[in-house]
Each structure stands twice: as C-alpha cells, then as structure tokens.
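Enquirer: Sharing a structure with you now.
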Amino acid sequence: MNPLFTQYLAAQRGISVAVLGVGISNTPLIRLLAGAGAKITARDKKDRASLEPLASELEALGVRMVTGPGYLQGIGETYIYRTPGMRPDLPEIAAAVAAGSILTSEMEEFLRICPCPAIAVTGSDGKTTTTTLIAEMLRAEGKRVHLGGNIGMPLLSAAGDMDPGDIVVLELSSFQLMTMKMSPQTAAVLNLTPNHQDMHLSMEEYTAAKENIFLHQGKGDLVVLGADCGVTRAMAAKAPGRVRMFSHGAPVPHGVFLEGDTIICRDGAGDHALFPASDIRIPGAHNVDNYMAACAAVWPLVRPETMAQVARNFAGVPHRIQLVAERDGVRYYNDSIASTPARTLAGLRSFPQKVILIAGGYDKKVPFDTLGSACAQHVKALILIGVTAGAIRQAVEAADGAPPLYDAGDLETAVPLAERMAEPGDIVLLSPACASFDQYENFEERGMHFTRLARRP
C-alpha cells in the first residue's frame, strides 16, 4: 500500500468536502472520500432526477446532494474539489476561497500523493496521441504504466496500489491546469493555438493555464517543448528545470529533431539515431511531431529499438484520422477530434490528394481565417454542418480558388451527400474544426455517428 495514500485517507476523516460536478472523474472521488469518513456535499447543476440512480447510491454512503440551478449556493466546506470544466472564479467559489476554503481537484490531490514518476502532456493539438504513444513505449519497454487524466481512468482512487517503480502517464487539459499548483517530473507542451476561447477569457489566460504543467517543477525535472511553435518555444525561459525541444524543421541543441527521414535525439552524449520517420504507421506530418515529443519525454528510459517497434505497430487512437470504412473505392476517415482549425489543417495535410471534407459544429469563438487557403489547396468539396457552417463558408469563400461548398446541416445529410459525389479513389474526411456540443455530447459520439453512417450499406 502506498503510504502517502494511506495518510491522505486518514486525513479525510471528519473533514467537510464539497465536490462540484458528479461526473466521470468525481464519482470515484466521492466514493473514496465517503469511505474515508469525510463529510461530503456533492453539487451538480443537473436536476436530481437526471442523476438517478447515482444520487440515491451516494446518499446511502452519507453524501448530501445539492442539485439544480442553485447548486453552488452556500459553499463553505474546508475543501472544494472543482470539476475540470468549471471556472474557478465563479462568484460562489471565489467567495468560499476568500473565506478560507481550499480549492483543489482530483488530479492535483493525486499528484501530491503519487509514489512514482509522472509524465504529463498538454497542448492544443496532439495530446491524446502523444500521451498514448508515451504509454505504449513505456509498456513495450516492460514498465508498469498507469494512464489517466483526460484519458484512461481517474487515478486518485487507484493510487494506493501504485509502486515507486511504476510510471504514471497523464493527458492534462487547460481546464485541469488552471488552478494546478503541482507539476509532474516530466511535462510536455506540444503546441498552442487559439482554443477554448468560449471557456477562457483570453489567449493569455489559456497559455498561463498550460504553463502550470511545468512551472512548479524542480531543478532536476524536465519539460519538453515544441520548438516550431513560437508560443511554446518561448516557454523555455520560464522553465525551472531542464528543457528538451522537438522540431520538425531544424536541429535543436537538446532534444529530438528530424534529419532527412531519421528521428534524432541529441543529448549531452551526442546524437542518437532513434528510427526512420517512414516507419510510423499512422499518417501525417503532425504525427511525426507527436512521436518526436513522445521520444523526448521517455529518453533514455526507452531504447530506440522499442520506439521503432511501437512506430511500426501502433495503428492510432480512435477519432484521430482513423480509417473507418472503404466502399466502392472511397475511403472514409474519422478525425472527429479535430475541434480547432489548426487540427483540421493538420488532417488535410496528411493526405497527398484533395479530399471531400465535412466540417462545422459548436462555436468556440475561434476564427476560421486559416481554413480558407487550406481548403483551396487540399479540399475537393466542402460539406458544412453545425452552428458554424456560415462562419466557415464566409472564410472559405473569401479565399482564391475556394472549392464547391454544400450546406448539409448534420451528419445524417452530409455523409450520404459525400457518398453521392465521391468517385473511386476519393477520400471523405470528417475533420470539423469545431467542438461537437451543438449536436453531440462529445467528439467521440460525433465520430461514432460518422463511422456508423460511413459503414451503412
């Protein structure tokens, strides 16, 4: 048993705790704290009926439920656990903190009691693939890996079974990092482009949240930064510990870069050839970047031959340029994860030919200017869906050489339309450049719907 976990549980007895949001990460947290004897109030904006039967189960554990429109009223517990998607400066939360409550989160408390090294990844694009690659490489090297954060499982309740020789691998969002006062021993910030401007007040706030992944490191800790992005490259000046860069475009003094077709790691002992970039099974130059970031994070824990083995065998993460169907000579790719224009641009550049693109969705207040010229270069026809269809149309029509545009409204209309216009050899790509919340709960639901439609006879 992890002694830090034992101490954490012992300290919860009799402590008043507010858990804000009864979701995927917080439900195991509530059960854990209730079992330890904490006095818990679980608060959620959903009404009581929509939380059943979970609400009754939690009340049977001694949890007080506060639900509905006034769920944040009267917060004053000693500890407040914030769900990641909730701003920490809401008036009720700010008032409680000003009065002495301690604002924290499941992830921050986990990092406090984690008994083994942790590697965490953030960025605007590529987080999940890079995090998964790090875990795959470490497992292939024989390490015991715990995968969590935005992917995998909530880790606080599992911390008791972790050993010092294990490795934790985390994907962390800006929402999780906003109030974080702990940093992992190894952190990676892949890139930063405008994103989640519906949640963050400014690009500066978004960037500051991302920086928390390394700002609390020690001198011996490591941060991996994307050298080809000006914002992440500039973060090196703020790093308390060691810095490794990764670059697609040029050699770096310390880190990983591409030289011809070879991925090279440069450290104090010289240059080490890792493996050919052409060995990477998943398509796209952005995935070469993801591999370089992963290699920089795990070097020298993972040998080059192990990295190469993963590169040749790893078929990719669902909803990330995932080949989901091939019918009548037409290939259908699900890139539902692409919730920003930058991510869609990366997807478009992954193919040697022009594609039939399905794009549009929830409005995150991100500009679509960059999509115009990209669509002229890479898109055979553009099918628009969702709330942002008009804004994307306007940006694309303003570019020289804009492709034909079609308004479909939703995937039920868009996929059959793409099928009718596609010819043998064509590619149909769902890469929305927008979040999914106008029509779906999340990008996974959107991607699965596209997949079902693409496979439908």
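Enquirer: Note down the magnitude of the dipole of the chain about its Cα centre, charges +1 on Lys and Arg C-beta and -1 on Asp and Glu C-beta and zero elsewhere, to the nearest 20 debye.
Expert: Here the chain has a charge dipole of around 580 debye.
Enquirer: Figure the gain on full extension for residue 202 and residue 407 (residue separation times 0.36 nm, minus the Cα-Cα span) and round it to one decimal in nm.
Expert: Numbers: separation 205, 0.36 × 205 = 73.80 nm, distance 3.11 nm.
The residue 202-residue 407 span can extend by a further 70.7 nm.
Enquirer: Run a plain Debye calculation on the chain (Cα atoms as equal point scatterers, no solvent) and give log10 I(q)/I(0) at q = 0.08 Å⁻¹, rounded to two decimals, same order as the q list.
Expert: -0.50
Enquirer: For the range 369-457, just run the numbers: alpha carbon Rg, then divide by 2.2 N^0.38 Å, N being how many residues it has.
Expert: Working: Rg = 13.0 Å, N = 89, 2.2 N^0.38 = 12.1 Å.
Taking the Cα Rg and dividing by 2.2 N^0.38 Å, one obtains 1.07.
Enquirer: Taking +1 at the Cβ of each Lys and Arg and -1 at the Cβ of each Asp and Glu, which of 260, 40, 360 sits farthest along the dipole of the chain towards its positive end, judged by Cα position relative to the Cα centre?
Expert: Among 260, 40, 360, the one farthest towards the positive end of the dipole of the chain is 40.
Enquirer: Ok, one more. Step through the residues of the range 86-91 one at a time and calculate ³J(HN,Hα) from phi using the Karplus curve (6.51 cos²θ - 1.76 cosθ + 1.60, θ = phi - 60°), rounding each to whole Hz and writing x for Gly and Pro.
Expert: Values per residue, Gly and Pro as x: 9, 5, x, 9, 4, x Hz.
Enquirer: If R0 is 22 Å, what FRET efficiency do you get for residue 376 and residue 455 from their C-beta distance, rounded to 0.05? Walk me through the numbers on the way to the answer.
Expert: Numbers: r = 31 Å, r/R0 = 1.39.
Rounded to the nearest 0.05, the efficiency is 0.10.
Enquirer: How big is the charge dipole of the range 178-254 about its Cα centre, in debye rounded to the nearest 20, if each Lys and Arg gets +1 on its Cβ and each Asp and Glu gets -1 on its Cβ? Could you put the intermediate results ahead of the total?
Expert: Details: 7 positive and 6 negative charges, 74 e Å.
Dipole of the range 178-254, to the nearest 20 debye: 360 debye.
Enquirer: Of 71, 145, 378, which is farthest towards the positive pole of the chain's charge dipole, taken about the Cα centre with +1 and -1 on the beta-carbons of Lys, Arg and Asp, Glu respectively?
Expert: After comparing all options, I get 145.
Enquirer: Could you sort the peptides 144-151, 334-341, 450-457 by per-residue average Cβ neighbour count (10 Å cutoff), highest mean leading? Working shown, then result.
Expert: Numbers: 144-151: 19.5, 334-341: 26.1, 450-457: 16.1.
Descending packing order for the listed peptides: 334-341, 144-151, 450-457.
Enquirer: Would you check the accessible area of residue 162, probe 1.4 Å, heavy atoms only, in square angstrom rounded to 10?
Expert: Solvent-accessible area, nearest 10 Å²: 0 Å².
Enquirer: Could you please report the charge total around residue 412, scoring K, R as +1 and D, E as -1 over all other residues with beta-carbon less than 11 angstrom from its beta-carbon? If you can, show how the numbers build up before the last one.
Expert: Values: positive: 452, 456; negative: 410.
Net of charged neighbours comes to +1.
Enquirer: Something else now. Distance from the Cα centre of the range 383-457 to that of the range 269-298, in angstrom?
Expert: 31 Å
Enquirer: Between helix 443-455 and the chain, what is the angle of the helix's C-alpha long axis to the longest principal axis, kept within 0 to 90° and rounded to the nearest 10?
Expert: Here the helix axis deviates by roughly 40 degrees.
Enquirer: Taking amide H positions as placed in the peptide plane 1.01 Å from N, state which residues far from residue 259 in sequence (5 or more) or on other chains have amide H under 5 Å from it.
Expert: 264
Enquirer: If you keep only loop residues by DSSP, which chymotrypsin sites (Phe, Trp or Tyr not before Pro) in the range 218-298 have at most 16 other Cβ atoms within 10 Å of their Cβ?
Expert: Working: sites: 246, 257, 291; in loops: none.
Listed in order of number, the matching sites amount to none.
Enquirer: Mind putting a number on the dipole of the range 26-170 about its Cα centre? Charges go on the C-beta only, +1 for Lys and Arg and -1 for Asp and Glu, and I need it in Debye to the nearest 20. Display every interim value, and only then the final one.
Expert: Details: 14 positive and 17 negative charges, 31 e Å.
The calculation lands at about 160 debye.
Enquirer: Can you run phi through the Karplus equation (6.51, -1.76, 1.60; θ = phi - 60°) for the range 365-377 and list ³J(HN,Hα) in whole Hz, with x for Gly and Pro?
Expert: 6, 9, x, 10, 3, 5, 6, x, 5, 5, 5, 4, 7
Enquirer: In addition: At q = 0.18, 0.22, 0.23 Å⁻¹, what log₁₀ I(q)/I(0) does a Debye calculation on the Cα points of the range 1-98 give, no solvent, two decimals?
Expert: With one equal scatterer per Cα and no solvent, log10 I(q)/I(0) is -0.82, -1.17, -1.26.
Enquirer: If you don't mind, another one. Could you bin all the Cα-Cα distances of the range 160-295 into 10 Å bins starting at 0 and give me the percent of pairs in each, rounded to whole numbers?
Expert: Each 10 Å bin holds this share of Cα pairs: 12, 38, 34, 16, 1.
Enquirer: I would also like to ask the following. Relative to the first principal axis of the alpha-carbon coordinates of the chain, what is the inclination of helix 26-35, with its axis defined by its Cα atoms, in degrees from 0 to 90 and to the nearest 10?
Expert: Roughly 20 degrees between the two axes.
Enquirer: Please list, ordered by chain and number, the residues whose modelled amide H lies under 5 Å from the amide H of residue 221; skip anything fewer than 5 residues away on the same chain.
Expert: Counting only residues 5 or more places away or on other chains, the set is 242.
Enquirer: Using 0.36 nm times the number of residues separating residue 181 and residue 98, minus their current alpha carbon distance, what extension gain do you get? Before the final figure, lay out the partial values.
Expert: Working: separation 83, 0.36 × 83 = 29.88 nm, distance 1.76 nm.
Result: 28.1 nm gained on full extension.
Enquirer: Here's something else I'd like to know. Helix-only estimate, please: 222 nm mean residue ellipticity of the chain, summing -39500 (n - 2.57) across DSSP H runs of length 4 or more and dividing by its residues, to the nearest 500.
Expert: Values: 16 runs with 154 residues, N = 457.
Calculated at 222 nm, the ellipticity per residue is -10000 deg cm²/dmol.
Enquirer: In whole Hz and in residue order, list the ³J(HN,Hα) couplings for the range 155-166 that follow from phi through the Karplus curve 6.51 cos²θ - 1.76 cosθ + 1.60, θ = phi - 60°; x for Gly and Pro.
Expert: 9, 4, 6, 9, 5, x, 9, 8, 10, x, x, 7
Enquirer: Multiply the residue gap between residue 353 and residue 45 by 0.36 nm, knock off their C-alpha separation, and tell me the result in nm, one decimal place.
Expert: Values: separation 308, 0.36 × 308 = 110.88 nm, distance 4.66 nm.
Result: 106.2 nm gained on full extension.
Enquirer: Are any of the pairs 127/354; 127/219; 127/365; 46/364; 210/365; 210/380 more than 29 Å apart by Cα-Cα distance, and if so, which? Before the final figure, lay out the partial values.
Expert: Details: 127/354 26 Å; 127/219 25 Å; 127/365 21 Å; 46/364 23 Å; 210/365 19 Å; 210/380 36 Å.
Table pairs above 29 Å Cα-Cα are 210/380.
Enquirer: Still on this structure, please answer the following. Once the other residues with Cβ under 13 Å from the Cβ of residue 11 are scored (Lys, Arg +1; Asp, Glu -1), what is the net sum? Walk me through the intermediate numbers first.
Expert: Details: positive: 13, 112; negative: 109.
Neighbourhood net charge equals +1.
The values are calculated or read from the model by the stated rules, or taken from the named source; none is laboratory data. Computed from a predicted model, the values in this text were never measured in an experiment. For neighbour counting, all protein chains shown are included, and Cβ atoms are generated from backbone atoms with ideal geometry for every residue, glycine included. Please note that ligands, DNA and RNA were not included when accessible areas were found on the heavy atoms of the full protein model with its side chains. Shrake-Rupley method; radii C 1.70, N 1.55, O 1.52, S 1.80 Å.
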